[in-house]
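Here is the structure we will look at.
The values are calculated or read from the model by the stated rules, or taken from the named source; none is laboratory data. Keep in mind the model is a prediction, meaning the values are calculated, not measured. Neighbour counts are summed over all protein chains in view; Cβ atoms, including those assigned to glycine, are modelled from backbone coordinates with ideal geometry.
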There are 2 protein chains.
Amino acid sequence: MSEILQAPDLAQLLRERKFAGIKAELSNLPPADSAEMMEELSPVEQAVLFRLLPTDKAAELFEYLPLEAQEKLIHAMGNEEAAKILDAMAADDRTALLEELPTQVCARLVNSLSPGERQVALKLLDYPEDSIGRMMTSEYLVIRDSWTVSQVLDHIRTNGRDSETLNVLYVVDSDGKLLDDVRIRECLLCPLDKKVSELRDGFFTALHATDDQETAVATFRKYDRTVLPVIDRNGGLVGIVTVDDIFDVAEEEATEDIHKIGGMEQLDEPYMDISLGLLIRKRATWLVVLFLGEMLTASALSYYQDQIAKAVVLTLFLPLIISSGGNSGSQAATLIIRAMAIGEVGLIDWWRVMKREILSGLALGLILATLGILRIAIWSYFSSVYGVHWLLIAITVGVSLIGVVLWGTLSGSMLPFLLKRLGLDPATSSAPFVATLVDVTGLIIYFAVAGIILHGTLL
Amino acid sequence: MSEILQAPDLAQLLRERKFAGIKAELSNLPPADSAEMMEELSPVEQAVLFRLLPTDKAAELFEYLPLEAQEKLIHAMGNEEAAKILDAMAADDRTALLEELPTQVCARLVNSLSPGERQVALKLLDYPEDSIGRMMTSEYLVIRDSWTVSQVLDHIRTNGRDSETLNVLYVVDSDGKLLDDVRIRECLLCPLDKKVSELRDGFFTALHATDDQETAVATFRKYDRTVLPVIDRNGGLVGIVTVDDIFDVAEEEATEDIHKIGGMEQLDEPYMDISLGLLIRKRATWLVVLFLGEMLTASALSYYQDQIAKAVVLTLFLPLIISSGGNSGSQAATLIIRAMAIGEVGLIDWWRVMKREILSGLALGLILATLGILRIAIWSYFSSVYGVHWLLIAITVGVSLIGVVLWGTLSGSMLPFLLKRLGLDPATSSAPFVATLVDVTGLIIYFAVAGIILHGTLL
């Protein structure tokens, strides 16, 4: 079992030139574990190691390295060596790597591939970024209607070696048009002389090569499959997509959404690997936008400067009130963004959501208003910090809280719909964005309410 | 192809008692699509429909319904009927359903299962909630070292019908101890007279039944598998876990984290299905906690009331400064929470993260400070809104911004580490939580800076 093995000190072995020992260590480990150990070495040390391994072993190990490490390693290796390893990689992993490399390096490497592999790489690279075509692999097995199960099994035995999955076989006609998918279990569970045409159920779900990868995630989610075929505009089978790649896409999307909800551009790189400069730039953009938005609070407040001078006590509750609006807005926005991302809520539901959020906002506002009024009443019972008009102040704070929380909840929940309707990413209506919006408007609600309730007494 | 089919009006057919038509429609559709249509019907209509279908078809369709719909349907069906459908379900899906049902209903249903199935259900339910034992299925095929490939294929043909996956076969010894996993492709790609012992590579990765489901997600992520075996304390094979269930767990975890980041308890139910009362309760809890925390701003501000009365101009920048701290804190917390969730950052990295965040916080603070100072300078050039001491005010705002943003970034990034160290969920350090924390402390930083810089002039 892999867990029992001790991690050998690869760098140490390298320094001592114990190449045979290294080779033995690496061949004994699952590639995922070897890759993890490799990551601790410098790119040059890694390149030396790769030279020690047979090409197919090297390619297998290479696929388990993270993209960044692959890129560095490709740079550290000679052109010819890199081509050999690329040649032996799975087509989809190769595409992911080539996309990451600078255009010139990519072109150079694609050209150094073997003719057959080059064609595959070029075909894959031709699809728009983030399209299903970019994540599919061309390594699958096709079978024909007229074959018997026995012929199918023979075909697998001869041609299946390079196939990414043998769990599903694809039935195509003479033009390459996809007719059906047949699970290997069907072949294994029935008599050997049965025809493929008798195994077919006539139903299959296929992805379109030019569709967005999010469509693929949604389709896998709905149909619970481990692999799906990809077709072109004419229904021709052009590739397959496996669920492990979908898992990665779904995870990246969740990370993107979480970063946006946190109020920044998505990083696209692991936190520990991204350069400090880029990290700061990705965060500064939104922070500056929010700062400029929040400057409106300074403008709005300068408009109420006279009121503040007359009733300094009003400022005491300013952060409390605007942050309550911001918090309820963050909640609502986050809820709706995630529900949209996993397909629980669509544009069509906006009215049902609005009704729920008005009720939620009122209820939440009432709860906070009660707490706020209680706090002022209790403090006033024991001290004179809020003056003789404490009851009026308490009412002002209570009414403002209901208004601000209701407004925060409503704008937080409706903004994702608006953004989606405009064709933008709903996740852009991040929690800090909604909070800033509600800060500015919440302040106006507060002073407007104060102007009415405290008119003639404090103001 | 499934996309071409028109959705039949099931409710209409039901009302017209066209049962044969319904049966034909449902047998022609992939179960995922039938399930989607069923969801539009009432539980009683659904129960009628299920009575029309053969048990195995009904069970297949049932598995595609969401848990909530399954629960309602079970209530609408008779005990015997429900047991029949439960009997035919995959073990892992049945466990997920039984867990959702009230304890009494669960016990009643488990008892009405056939003896063999009951044993399986009880075995699955005995593992702690959120453990791998709860998501595994007992439907897999085991083979022996001494068999030939031909015997394996025969074994599959006779016994494979109920197996959840045939892609991987498990080699066990006479005590049921797991010796190795063999992919079906190995059997399909080699001569029929080869022995199982010759196919084995001696390496396998296994999950432990009592481990947390998050461990399973991490293992699948690392090894890129579609299925993994589950072993007990003695290394005995007790079940398998398939990647489609892992996909669901990973997605639920991301949703949980997003809800927490948005500042609320995770809903555990789809937004559209959760009752309004529960929705409000889940949101109110955190909102009240944050409100109580934010009340400290009122206390802190009442301490600075005299300063405010002397220099009302200071209040104009109050929301701007504390929200900048909150926003940078949200960013940092969100980044680290997600990086921890997907394993990019561990407890051990805290010092490296802290160094990065100090530099980021300083840089971001400097950027915002520059903007803030510019804003005050420009406004003062054209008006007298900030008075004669505008330069001192500008410096106060600038210095406070650097301090508050640095503090926000630091506390936002370190809080997840602290929570994780204490054995709590890092996602609890939600954006609104960090924002509230930084609001209170940011305010103190602001007035402390003002007290020093404006001493002798405004204050």
Condition test on B:Thr210, is it under 21 Å from B:Ala341 (Cα atoms) and in the same structural domain as B:Tyr170 (by TED's automatic domain parsing)?
yes
Boolean, B:Ala58 is under 17 Å from B:Met77 (Cβ atoms), in a helix (DSSP H, G or I) and not β-branched (Val, Ile, Thr):
yes
Conditions (1) facing chain A (nearest Cβ under 7 Å); (2) surrounded by fewer than 22 Cβ atoms within 10 Å (Cβ to Cβ); (3) in contact (Cβ under 8 Å) with a residue 24 or more places away in the chain; (4) not polar (S, T, N, Q): number failed by B:Ile280:
(3)
Which fully enclosed helices (runs of 4 or more DSSP H) of the stretch A:68-137 have 1 or more residues being more than 26 Å from A:Pro31 (Cα to Cα) and modelled with pLDDT under 75?
A:103-111, A:115-125
Based on what the data block shows, is A:Thr219 surrounded by fewer than 22 Cβ atoms within 10 Å (Cβ to Cβ), touching a strand residue (DSSP E or B) at 6+ places or on another chain (Cβ under 8 Å), touching a residue at least 12 places away in the same chain (Cβ under 8 Å) and not small (Gly, Ala, Ser)?
yes
Just to verify a result, which residue in the stretch B:311-363, among those that are closer than 19 Å to A:Glu294 by Cα and of a type in the set (Val, Ile, Thr), is modelled with the highest pLDDT?
B:Ile321
For the stretch A:436-458, what are the residues that are surrounded by fewer than 23 Cβ atoms within 10 Å (Cβ to Cβ), part of a helix (DSSP H, G or I) and polar (S, T, N, Q)?
A:Thr441
Given the criteria more than 21 Å from A:Val241 (Cβ to Cβ), among the acidic types (Asp, Glu) and modelled with pLDDT of 75 or more, does A:Glu45 qualify?
yes
If you go through the stretch B:422-435 one residue at a time, do you hit one that is touching a Phe, Trp or Tyr at 6+ places or on another chain (Cβ under 9 Å), within 11 Å of chain A (Cβ to nearest Cβ), assigned to a helix (DSSP H, G or I) and of a type outside the set (D, E, K, R)?
yes
Any hit, the stretch A:316-326, residues being more than 9 Å from chain B (Cβ to nearest Cβ), more than 28 Å from B:Ala300 (Cα to Cα), crowded, with 19+ Cβ neighbours inside 10 Å and in contact (Cβ under 8 Å) with a residue 12 or more places away in the chain:
no
Filter the helices (runs of 4 or more DSSP H) completely within the stretch A:148-253 down to those with at least 1 residues that are modelled with pLDDT of 85 or more, farther than 30 Å from B:Ile258 by Cβ and more than 8 Å from chain B (Cβ to nearest Cβ).
A:149-159, A:196-199
Considering only residues that are farther than 20 Å from A:Leu86 by Cβ and touching a helix residue (DSSP H, G or I) at 6+ places or on another chain (Cβ under 7 Å), which ones fall in the stretch A:41-68?
A:Leu41, A:Glu45
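Consider A:Leu287 carefully, then state whether it is crowded, with 21+ Cβ neighbours inside 10 Å, under 23 Å from A:His455 (Cα atoms) and in contact (Cβ under 8 Å) with a residue 24 or more places away in the chain.
Here the answer is no, as A:Leu287 does not meet what is asked.
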